[in-house]
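Chemist: The structure that follows is given in the form of structure tokens.
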Amino acid sequence: MVLNLSKKVFSKITTEIERGIKLYFRNGIWLLSDIISTPFWVIFLFLTIVFYAQYLLKDVNALTSLMWGIFIFILMNSFIWAGNSIVQSVTNGIVDGVILTNTNITIHLLGRSIMSVFDSFISGIIALLTASYIFGSSLLIHNLPLFFASLIIALIFYSLFASVYAALIVSLRSPWIVSNVLNFILPFLSGAIPPQLFPKSVANILLFSPFYYISGQIVSAATGIYLINPTIMLIISIIITVVMVFISNFISKKLIQSMSKEGKASLI
Amino acid sequence: MKKEFNQLLAILEVEIKNLLRERGTVGFAIFFPILISLSTYGVGAGILGKAPNIDLWFYQLIGFTILMIAIFMSSSSAWYVRQGLLSRRLEYLFAASINPLIIVAASSITSGLMGIGIFLVVGLIGVLVVYGISNLLNFFLATIILAVSLIPILGINLIVAATTIIGKDPEAISQPLSAIVSTTSGLAYPITILPFILQIIGEVMPYYYAAEYVRAMINGYLNLVNLESFPFLFIYLIGGYFIYRYFEYNFIRKEGNYGA
């Protein structure tokens with residue numbers, strides 16, 4: 001029976017992943033749009049952030065940290081919009097199907113998360129190359145194993161976060177507003193804006209943000225600049241991700257229960 | 001002429017009512033430039049260890065407001081065509097005895113009015129914070145300058161609308177334009193810190209002039225010499241109109257492809 005259940009879940013997961021891959025490559029215009037837009041956005045973000053301190057444009061260390069900051073910004077942004085995609089699932093009636101087949105919302109969003117992974121990597125690589133070419137940021141990765149480990153942890157964490165976020169915004173009339181605002185709050189909470197540029201007392205505030213241990217770890221592993229011991233940071237990031245598994249599962253179940261009880265997917 | 005005017009008013013009424021239903025969008029468009037300019041100001045203060053010059057905040061506030069207007073206008077043009085094709089509204093409009101220019105004008109006037117409204121609210125807050133009431137007259141004159149500067153931008157919106165006919169996905173079409181405009185138009189920083197080629201791109205687009213004229217007018221140093229490039233920007237409006245008509249005729253009317 002347990003084997004059957006695992007088979008069912010595995011089948012749902014692979015179906016969602018397949019759906020995500022097909023959807024991503026079906027929308028070729030989005031790929032083209034990203035390829036054209038990303039270099040411009042990178043230049044815009046760099047220059048907007050250093051507008052008040054243009055001397056930083058000559059500081060390779062600051063520019064390199066900023067480059068990785070933009071990389072994680074792209075990653076987080078992509079998953080926020082994956083969470084936001086629940087609205088389309090609701091308006092297109094897909095969520096009704098999800099409820100009927102007793103599928104977890106987290107599993108349903110996996111398809112969209114796969115699109116986010118592709119999107120993040122293609123845009124992320126373009127962003128790194130643009131920053132390196134235009135601003136002279138260094139592409140060398142300080143600790144490669146830790147970098148990949150933290151990247152995998154971040155992908156798992158943000159896939160789960162997307163489902164929690166989706167559950168929280170599903171009943172809102174204009175969820176995209178929340179998504180846009182979150183896009184501007186998260187860089188401050190995650191270390192996307194390099195903490196070493198700020199006074200230590202300000203930078204240390206980040207240690208209270210769970211997002212810093214997930215996203216900031218990628219930047220730290222790439223640049224070699226740490227606010228705390230890397231091993232402690234890695235352990236905390238794993239604990240936060242495990243906690244997120246439980247939160248995601250709990251919220252997803254509650255959402256399905258509430259939708260089934262009320263007989264409607266959302267206010268839309 | 002009276003018939004055309006009534007048609008324009010009728011479509012305008014529908015478009016404005018549509019817009020008023022989108023209160024979230026309007027609120028966000030007002031809130032966003034303030035949020036982002038305060039965020040970058042906060043980052044600047046954190047990095048410098050002291051509060052930066054407030055004039056720099058105002059520089060970015062005006063820039064981000066114009067950026068918001070540009071994004072809103074290009075995105076709404078793209079969505080207008082897309083939704084019109086999906087809902088078959090465009091089919092009814094094209095079938096009616098109405099000049100397409102009236103439809104385009106009504107839609108453009110609506111997004112233009114929305115842009116001016118956003119600028120009035122956000123700009124007024126900025127002017128009052130930075131200059132007090134002393135520059136208010138300049139600000140209202142700057143609003144008129146902005147309204148005129150938006151006219152050539154309508155041409156670019158027509159090109160966006162035309163490309164949506166083929167490209168289908170409105171966001172994917174308007175996104176690259178927003179990225180190019182944001183980066184090259186001197187909205188969040190002076191274009192002099194950009195690589196040379198990007199400065200050229202910025203200088204041939206109308207957004208750069210809109211931001212420059214508005215800032216100069218508020219500070220009271222706009223003169224006619226600054227405006228010498230302005231008439232050339234109307235090439236965008238004329239070009240945009242012909243490009244839109246070409247796409248509309250060849251890809252919608254001729255093929256009868258009003259949907260999908």
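The values are calculated or read from the model by the stated rules, or taken from the named source; none is laboratory data. Just so we're clear, the structure is a prediction, and the values are computed from it rather than from any experiment. Cβ: placed from backbone, ideal geometry, glycine included. Neighbour counts: every protein chain shown. Ligands, DNA and RNA are excluded from the accessible area calculation, which covers all protein heavy atoms including side chains. Shrake-Rupley method; radii C 1.70, N 1.55, O 1.52, S 1.80 Å.
Chemist: So, in Å, what gap is there between the alpha-carbon centers of the stretch B:155-226 and the stretch A:90-154?
Modeler: Centre-to-centre (Cα) distance: 30 Å.
Chemist: Report the net charge of residues surrounding A:GLY111, where surrounding means a beta-carbon distance below 14 angstrom and charges are Lys +1, Arg +1, Asp -1, Glu -1.
Modeler: Computed value for this residue: +2.
Chemist: Let me ask another. How big is the stretch B:98-142 in terms of Cα radius of gyration and Dmax, in angstroms?
Modeler: Cα-based Rg and Dmax for the stretch B:98-142 come out at 15.1, 48 Å.
Chemist: Roughly how tilted is helix A:60-84, in degrees to the nearest 10 and between 0 and 90, from the longest Cα axis of chain A?
Modeler: With both axes taken from Cα atoms, the answer is about 10 degrees.
Chemist: Tell me, what is a quarter of the convex hull surface for the C-alpha atoms of the protein assembly as shown, in nm² with one decimal?
Modeler: Projected area, direction-averaged: 27.2 nm².
Chemist: With a 1.4 Å probe, what is the total accessible area buried between chains A and B, in Å² rounded to the nearest 100?
Modeler: 3200 Å²
Chemist: Can you give the angle from 0 to 90° between the axis of helix A:28-49 and the longest principal axis of chain A, with both taken from C-alpha atoms, to the nearest 10?
Modeler: Here the helix axis deviates by roughly 40 degrees.
Chemist: Note the angle between two axes, namely the Cα long axis of helix B:170-184 and the longest principal axis of the Cα atoms of chain B, as a number of degrees from 0 to 90, rounded to the nearest 10.
Modeler: Tilt of helix B:170-184: around 30 degrees.
Chemist: Where only protein heavy atoms count, and the probe is 1.4 Å, what is the accessible area per residue for the protein assembly as shown in Å²?
Modeler: On a per-residue basis, 46 Å².
Chemist: Which whole-number percentage describes the relative contact order of the stretch A:8-262, with Cα contacts under 8 Å and a sequence gap of 6 or more?
Modeler: 28 percent
Chemist: What do you get for Rg/Rh over the stretch A:143-263 if you use C-alpha atoms and the Kirkwood form of Rh?
Modeler: 1.04
Chemist: What distance in nm separates the two pseudo spin-label positions at B:GLU4 and A:ILE232, each 7 Å out from Cα along the beta-carbon direction?
Modeler: In this crude label model, B:GLU4 to A:ILE232 measures out at 7.5 nm.
Chemist: Just the number, please: Stokes-Einstein D of chain A in µm²/s, Kirkwood Rh from C-alpha pairs, 25 °C, 0.890 mPa s.
Modeler: Values: Rh = 19.5 Å.
D, rounded to a whole number, is 126 µm²/s.
Chemist: Also: Excluding B:TYR208 itself, calculate the net charge of residues whose Cβ lies under 15 Å from the Cβ of B:TYR208, where each Lys or Arg counts +1 and each Asp or Glu counts -1.
Modeler: Every neighbour counted, the sum reads -2.
Chemist: Next question, about the same structure. Let's test the formula: R0 of 51 Å, r as the Cβ-Cβ distance of B:PHE234 and A:ASP96. What FRET efficiency results, to the nearest 0.05?
Modeler: Computed FRET efficiency for B:PHE234 and A:ASP96: 0.50.
Chemist: Summarise the accessible area of the stretch A:124-268 (1.4 Å probe, protein heavy atoms) by the percent that is carbon and sulfur.
Modeler: Exposed carbon and sulfur together represent 74 percent of the surface.
Chemist: Express the relative contact order of the stretch A:122-268 as a whole percentage, based on alpha carbon pairs under 8 Å and six or more residues apart in sequence.
Modeler: Values: 109 pairs, mean separation 50.6, N = 147.
Computed over the stretch A:122-268, the figure is 34 percent.
Chemist: Along the Cα→Cβ direction, 7 angstrom out, place labels at A:LEU172 and A:LEU31. What is the inter-label distance in nm?
Modeler: If labels sit at A:LEU172 and A:LEU31, their model points lie 3.2 nm apart.
Chemist: What is the pair-distance distribution P(r) of the stretch B:137-260, computed from all Cα-Cα distances in 5 Å bins starting at 0, with each bin given as a whole percent?
Modeler: Histogram of Cα-Cα distances, whole percents per bin: 2, 11, 17, 19, 18, 13, 9, 6, 3, 2, 0.
Chemist: Turning to a different aspect of this structure: Could you name the lysines in cross-link range of B:LYS50, using Cα to Cα under 28 Å and dropping any fewer than eight places away on the same chain?
Modeler: Cross-link targets: A:LYS58, A:LYS200.
Chemist: Still on this model: With every protein chain kept in the model, how would you rank A:SER123, B:SER229 by accessible area, 1.4 Å probe, largest at the top?
Modeler: Result, largest first: B:SER229, A:SER123.
Chemist: Grab the beta carbon distance between B:SER87 and B:ILE166, set R0 = 30 Å, and tell me the FRET efficiency rounded to 0.05.
Modeler: For R0 = 30 Å, the calculated efficiency reads 0.95.
Chemist: Something else about it: Dividing the convex hull volume of the alpha carbon atoms of chain B by its residue count, what do you get in Å³ per residue?
Modeler: Here the figure is 143 Å³ per residue.
Chemist: Oh, and also: What aspartates and glutamates sit close enough to A:LYS254 to cross-link, taking a C-alpha to C-alpha distance under 19 Å and skipping anything fewer than 8 places away on the same chain?
Modeler: Excluding near neighbours in sequence, the set is A:ASP96, A:GLU262.
Chemist: Take the cross-link list A:LYS22/A:LYS261; B:LYS17/B:LYS168; A:LYS253/B:LYS17; B:LYS3/B:LYS168 and give me the ones stretching past 31 Å between alpha-carbons.
Modeler: A:LYS22/A:LYS261; A:LYS253/B:LYS17; B:LYS3/B:LYS168
Chemist: A further question follows. So if I place +1 on the C-beta of Lys and Arg and -1 on the C-beta of Asp and Glu, and nothing else carries charge, what would the dipole magnitude of chain A be about its Cα centre? I want it in debye, nearest 20.
Modeler: For this selection, approximately 580 debye.
Chemist: Where does chain A land at 222 nm, in deg cm²/dmol rounded to the nearest 500, when only DSSP H runs of n ≥ 4 count, each adding -39500 (n - 2.57), divided by all residues?
Modeler: -25500 deg cm²/dmol
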